[in-house]
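The values are calculated or read from the model by the stated rules, or taken from the named source; none is laboratory data. As the structure is a computational prediction, the values presented were derived from the model and not from experiment. Positions of Cβ are backbone-derived with ideal geometry, glycine not excepted, and every protein chain shown enters the neighbour counts.
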Amino acid sequence: MIGVDIIKIERMAKAISICRFVERVFTPSERQYAEAKANAAQTYAGLYAIKEAVFKLSGRGITGAFTDIEVLHDEYGAPTVKLGGKVGDIIKSKVYVSVSHDGEYAVAVASTESVDCAPVLPGKEICDADMKMLTRRRFTHKGDYGRVYVIGGSSLYVGAPLISAEAAVRAGAGLTTLCVGEEFLPAYRERVKEIMLLGLKGFDEANLSTICAKANVIVIGMGMEKSVLPDIIRFIFARFEGVVVCDAEAINALCSPLIFSERKSKLILTPHIGEFERLAAYVGEDDAEQLALKVRAVIAKKSAYTVVTDGLETYKITSGCAAMAKGGSGDALSGIIGAYACRVPPVFAAALGCYHFGKCGEKAAAVKGENAVIASDIINCL
């Protein structure tokens, strides 16, 4: 059994201005959560739709107080519900909820069973036929498939940039160079075959200039330390006219003054829910499409289901499985997107990359089992 509700965000904007409406309907923690968002009315609409969906799930309509249903959020930002009062007496089993916004409406679904189908998401579906954009032509050479430079790594996260670089190679990049701290080069020399290596000395202006001159795509952030990242990103943004894929710590580094100004680069961001919320709070916009327009970037908002948007075109990605919820998966995805961005426009690179990555995760899980899959297994299915 499921409950579904939809509410117009404009209607909620009017409702929250009514005396005591917010206090009657939302708990203190819900109010604190909504008021911290750039678009409080949109967030309140989502919370309200979840509560209505749970009431409908009960089969008895609005039974008890709205505050008997409290919407919480897990460590990844996904909504959960805590039931009390009459609603808690009626619904004894665990309730799973999902919510989506399309800019005008908030839509919520509540179910007593974990729902394996995608929630209502904005955008167009990606399918296998779309992958034909990446078909290789017979009479071509490696230069036709782009040069990807992967910048990342630290003493704690040696494997992260290597996973990304290996994924770029498997996804079809013509030439892939792994750029790591010079002191870490010995750790990589015996582990790479098809990948070239370049050592960096902190904020290495000479080598960064070389990268900007030679690369078609720069993938940055995987496993990096915070210290020099903002300076490196500013340097690249000011000089590089190709595509930059920012993942992991590079996304957090963007939350600093003037980092988006005077940018020559085309930008793809691949945040998980937590990274997205930090960026949204910094920019002051928590709708993915509007945020993409504000920062002039493609955003792939990663979760169990992923939304990819540049603010003008939006794609929903429903491929993938729980096997992919493991360290290294995001690193692999950034490399795949980087390889595709050498050949198709950024929004398509991100959408196709997320879709194919999810399908490969499904293939790997079918062979290894969901608990056993690691990022390298997914890469090997490309």
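Figures for the structure shown
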quantity	calculated
Region 320-351, residues that are in contact (Cβ under 8 Å) with a residue 60 or more places away in the chain and either over 18 Å from ALA168 (Cα atoms) or of a type in the set (S, T, N, Q) (or both)	SER334
Conditions (1) of a type in the set (Asp, Glu); (2) out of contact with any Phe, Trp or Tyr (no Cβ under 9 Å at 6 or more places or on another chain); (3) in a loop (DSSP other than H, G, I, E, B): number failed by GLU262	(2)
Of residues in region 250-288 being buried (at least 21 other Cβ atoms within 10 Å of the Cβ) and acidic (Asp, Glu), the one farthest from PHE237 (Cα to Cα)	ASP287
Residue that is farthest from GLN290 (Cα to Cα) [pool: residues in region 38-69 that are among the hydroxyl-bearing types (Ser, Thr, Tyr) and within 26 Å of the chain's Cα centre (by Cα)]	TYR48
Residue in region 323-331 that is within 24 Å of GLY284 (Cα to Cα), out of contact with any strand residue (DSSP E or B) (no Cβ under 8 Å at 6 or more places or on another chain) and of a type in the set (A, V, I, L, M, F, W, C) present	no
Positions within region 202-220 being modelled with pLDDT of 95 or more and touching a Gly at 6+ places or on another chain (Cβ under 9 Å), in sequence order	ASN207, CYS212, ALA215, ASN216, VAL217, ILE218, VAL219, ILE220
Qualifying residue in region 133-155 (condition: under 26 Å from the mean Cα position of the chain (by Cα), free of Cβ contacts under 8 Å to residues at least 60 places away in the same chain, assigned by TED's automatic domain parsing to the domain that holds GLY353 and crowded, with 17+ Cβ neighbours inside 10 Å)	no
Residue among ALA375, ALA349 that is buried (at least 24 other Cβ atoms within 10 Å of the Cβ), at pLDDT 95 or above, aliphatic (A, V, I, L, M) and over 28 Å from VAL283 (Cβ atoms)	ALA375
In region 5-37, residue nearest to the chain's Cα centre (by Cα) [restricted to those that are in contact (Cβ under 8 Å) with a residue 60 or more places away in the chain and either surrounded by fewer than 17 Cβ atoms within 10 Å (Cβ to Cβ) or more than 18 Å from TYR105 (Cβ to Cβ) (or both)]	ALA36
Members of region 156-169 found to be in a helix (DSSP H, G or I), within 21 Å of the chain's Cα centre (by Cα) and surrounded by fewer than 24 Cβ atoms within 10 Å (Cβ to Cβ), listed by number	GLY159
Candidate set from region 1-32 (those that are in contact with a Leu (Cβ under 8 Å, 6 or more places away or on another chain) and assigned to a helix (DSSP H, G or I)); member that is nearest to ASP286 (Cα to Cα)	GLU30
Cβ pairs under 7 Å, 6+ apart, first in region 268-283 and within 15 Å of LYS37 (Cβ to Cβ), second in a helix (DSSP H, G or I) and among the charged types (D, E, K, R)	VAL283/LYS294
